[in-house]
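Values quoted throughout were computed directly from the atomic coordinates according to the rules given, and no laboratory measurement underlies them. Being a predicted model, the structure only gives us computed values, none of them experimental. Quick reminder, even Gly has a Cβ in these numbers, built from the backbone with ideal geometry, and neighbours come from all protein chains shown.
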Amino acid sequence: MITLTVNGKNVKVPEGTRLLDAIRCAGFEVPTLCDHPALEPWGGCRMCLVDVTRTEWDGWCKMVVSCMFPAEEGLLVLTDTERVRSTRRVVIDLLLARCPDTPLIQQMAAKHGLERTTYEPNPAPTDCILCGLCTRVCDHIGVSAISSVNRGAGREIAPPFHEAPPDCIGCLACAEICPTSCIPYETSDSRRSIWGKEFEMVRCARCGRAHITRDEAAHFSDRTGVPSAYFDLCDACKRTDMARQFVKLSEGAGTAP
Amino acid sequence: MRIDSRARFEEAVAACRRAAEGRKIEVLVCCGTGCLANGSQAVAEAFQKEVEARNLPASVGLFTKKTGCHGFCERGPLVVIQPEGILYTKVKPEHAGEILEKAAEGGGAVSKLLYKDPATKKAVEKYGDVPFYKNQTRVAMRNIGKVDPADLDDALAHGAYAGLVQALFDLTPEKVIEEIERSGLRGRGGAGFQTARKWKAARKAKGERKFVLCNGDEGDPGAFKDRSIMEGDPHSVLEGMVIGAFAIGAHEGYIYVRDEYPLAVVHLTLAIEQARRRGLLGENILGTGFDFDVKISRGGGAFVCGESSALMRSIEGKTGEPRQKYVHATDRGVFDCPTVLNNVETWADVGAILHKGGDWFASMGTAKSKGTKAFSLVGKVKNTGLIELPMGTTLRHIIFDIGGGILGDRPFKAVQTGGPSGGCLPESHLDYPVDYEKLTEAGSMMGSGGMIVMDDRTCMVDVARYFLSFLMEESCGKCVPCREGLKQMKAIFDGLVAGRGVPGDIGRIERLAEGMQLGSLCELGKSAPNPVLSTLRYFRDEYMAHAEGKACPAGICRDLTAYEIIAEACNGCGSCARACPADAITGEKKALHVIHQGRCISCGACYTVCPTDAVRFFPKRELAAVQETGGAS
Amino acid sequence: MDRIYRVVVERCIACGKCELACAFAHGSEGRPSKTRINIFKRGPELGTPVVCFQCHDAACAAVCPTEALVRNARTGAIDMARDRCISCRMCVAACPFGNMLWDETYHCVQKCDLCGGDPKCVPFCPTHALEYVPADRAAEKPEPFAWTGALAP
Amino acid sequence: MSQPSCQDLHPVEEILERYPREEASLIQVLQDVHRAYNYLPCDVLIKVAEVLDVPLAKVFSVSTFYKAFSLKPQGKTIIKVCTGTACHIRGAGQLVEEVQRLLSIGPDETTPDMGFTLKTVNCVGACAMAPVLIVGEKYHGNAKPAKMPKLLGQEGKTHAH
């Protein structure tokens, strides 16, 4: 365990803890937009900036992104200095200019004292903040159907050639993880589509409800060894089935494990 | 033949020296990119043909050789006759015969092709007497222009790999690092990090695989010293890398070369093959049992790949997105292995340091910046080209003594150093000694050694805006402050140059700049505001003129500038009308010419060509007043 | 793991109290539809409670790409680290018993977590059809339940 | 929108033979592909992704990130105007305008007859002779707008209006 000080408060965390988690552990808030506990830290949104210093540094502070900086023994962390606040304000102001109509950004901007952006608002407003969560989650699942394309001001998230992505398995994780819900998709008991791709569905052998895409089933049984037969029935039918099994069992033995 | 021991190496060098001595008269034709563009390929061929046609006996020993960049690109194609050291400038193929005659006679020069000193108007015969060369001290560029980059034997005859032999046979890896430490060598790519410290860390780092990388992604516009080194003396880079690999215990290396430098790739590839064949690279180098091999990785055209973590991702075949560096590359770099990354010039220095000793290198330069540094001196200066000088030389000496002053003897305004991460220094800083600390202190930086000289016809707001557009295109777009910040900063500047500026703009620029400096992920974003802040620091008036006065004092921003012809000064020569791309100037021969404001696009072509300085520019907002008083039609 | 959760099917009278208790325990709204335990009726006053088995070799944990489903060594439950869940729903499809439940309102997966070691459905079951017994007693055959007319605590 | 594609996969297969089948080869392969096809055709990229075992999305990402790559077919002759700092202050902007005027195409555009593509590049390292223009493989230093029609050759003139 290592001990560090966050805004004057001591906190003990295991070695290898990220500064962000240590700060939260100490009970302080740090805004983030591109962080997700299940994914590798990325350091793109720059909202989690904090100042760090040490007693021997003589008042000199270093600004770091807490999502990637490791918690270190004896570190003094300041999450609310004037320059941290003003830098975060510039960042959220810039995002608000990019996404003037996005509720999440509006709320975060309001928390930093900004009603509207001080910059030139995007003439073609978008909800995408380019946090990279969608592409990272897609990589994490082992699919990599979408990616960032172009660079600089022209950067965007897109499938290859801006066409229906051949590798997409339709798991919707990208849409679910998107903090501004800006990836459109459709899913129902009969069909699913995302990124302009229409998926072939696995229909429940009992009720006929489409509950998973064919690609999803194949991808996950390939990667994890879960038998593909598990995907034959939908979850509701499997539950009903199990209830029936119970009855049979109870007639015989009496208990279920 | 493979060289597998120290004795064999000495033998090989001696043989190469003897061969070189047999070449009694050498015609060195510069075939760097600059001279090639001026037609030096044809010149080299013409010399070759002439030599063959003469069918001279071997005892005359007349040879021609294609070399790398001599540096004085302005005057290319360049030809040097050795051993006399006669420098011919602007040579054409038809001059070959004449020059050879003189050379074979063994005395004298073809005077019409000699360099004329613009100051004294006198022809200068010897290479070493030309002011551009006289004041240089070459270490990294020691063999450029002397050796044929496609010939390892020639390089060996000129001392290549001597430092490597000393390192491998006389020293331990620790001693090599000590020698580098003693030299005080700091990274020549921009930031100036202590080379020895990097090596030490990488030597200490645990890992089966370690890498040494060479950063040849010289992206700073206006800098081309790395290109010249890779093209003109690739073996100096390889030698440095093998020494570095030996010091840290690496067996694999990459040279990352910009896509825009095709000739560098050709010469490096050739050099690697030759070095491998001779046992200077690859397995069991010089019979010592040490293995090290190098691959070339061609960049895809992205400035951000000059940033170390982006460069490493690019070598891995990924997009050049930088990674936050809280773990040093010396612990986890390319392919997650301990990695030392140094700039081309740094590697080229290493061999010389090992050969001549760290103390020798440290005897040059300033207290904290040791040795020499290569610069590309370009822009509105008379002698443009490549130079190498001891650290601590003043800007004035560089620009006025070596560079010969400003083109057309116009007033000096600023010099831009450090590329898009650097800044512009004004006249008051001309006596500043150039080293890492001084440049940073002045709000600029060393960068990769580009020095772009600007005269009074350069608008500093336009220069800052140029760098913003450059960076906006080159930002990888990963982090918000850099991607969105540059876009917004550029929008403010677009307003300034279009006359839409407001007094509050300067404050907004400063606030945004601070946010970008503190908030950006990598050095590209952190340093992106430097050109803006340094111009703002030294040329605030010009910003005020744009923001409040809606005027461009240098007459460069078209939306703010109008032109007219001063009646008394016009001699009716018609140059302006011919130069005008918009056909906006009319006038009879020998009579006053007139600019039709409705058609004028304010390009300034007329201003530039007018031999009598009869064209003047003024703020466009005064146009109505001028027209009322009948000053222009 | 000290205790084991078990279901004595023949004791279930399909009263639905477990569903309510579960729904209340996992959110203030207490809507029965949000329960993680389900009763399937198989006759008048006869039901089959269906709930996660916390399988030994769990398919849900195997397919989870983010290790959001991890065995809790203390309770024996496979716990869901909500913040690590990326809502890919693979566990829903993979569970051979249909016990991973997709919550359409909150767009997340729900599963029985044994209420962190104190399953709330157990005390509310009037007929002791749901038991949380010490591990060493888990193999014992339960006594047939004698209805006394009094409600369990 | 369907991307232009190309039928002949022989050149790319040959290129792929020369490199280890790993992600690190991607950029090097794409460089060679670009040289062989003059752009990166869609189906060639699919082939590259398959052989190197790199997800197609990553290949696309890399293809769009680096400026050396174009996903659109390019003209027979590529005109690159250097817009490095030295060239900028010595009038590269006017050069670009003049080429635009002569060929009626903007940067990164190609003439309808596929004769020319205009590109701006960030410093080719020939700053000493700024401004610099590269027509095909040939460098032209101290380029002036007035010299443009001659530099672009006869073909250039036929495009002039």
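Computed quantities for the displayed model
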quantity	calculated
Loop-resident sites, the stretch D:13-116, for trypsin sites (Lys or Arg not before Pro), counting at most 14 other Cβ within 10 Å (DSSP)	D:Arg18, D:Arg21, D:Lys76
Coil-residue chymotrypsin sites (Phe, Trp or Tyr not before Pro) of the stretch B:107-198, DSSP, other Cβ within 10 Å capped at 16	B:Phe193
Whole-number D in µm² s⁻¹ for the stretch C:53-100, Kirkwood Cα-pair radius fed into Stokes-Einstein, 10 °C, 1.306 mPa s	148
Residues A:Met68, B:Met451, B:Met489 arranged by fewest to most Cβ contacts within 10 Å	A:Met68, B:Met489, B:Met451
For the stretch D:96-103, Karplus couplings with θ = phi - 60° (6.51, -1.76, 1.60), whole Hz, Gly/Pro x	4, 4, 5, 5, 4, 5, 5, 9
Residue order, fewest to most beta carbons within 10 Å, for B:Glu45, B:Glu542	B:Glu45, B:Glu542
Of all DSSP beta bridges in chain B, antiparallel share, percent nearest 5	60
B:Arg332 long-range amide H proximity, modeled H, under 5 Å	B:Thr339
Residue order, fewest to most surrounding Cβ atoms within 10 angstrom, among B:Ser428, B:Ser228	B:Ser428, B:Ser228
Estimated 222 nm signal from helices in the protein assembly as shown, with DSSP H stretches of n ≥ 4 weighted -39500 (n - 2.57), rounded to 500	-10000 deg cm²/dmol
Built amide H within the under 5 Å cut-off of B:Thr372, gap 5+	B:Met391
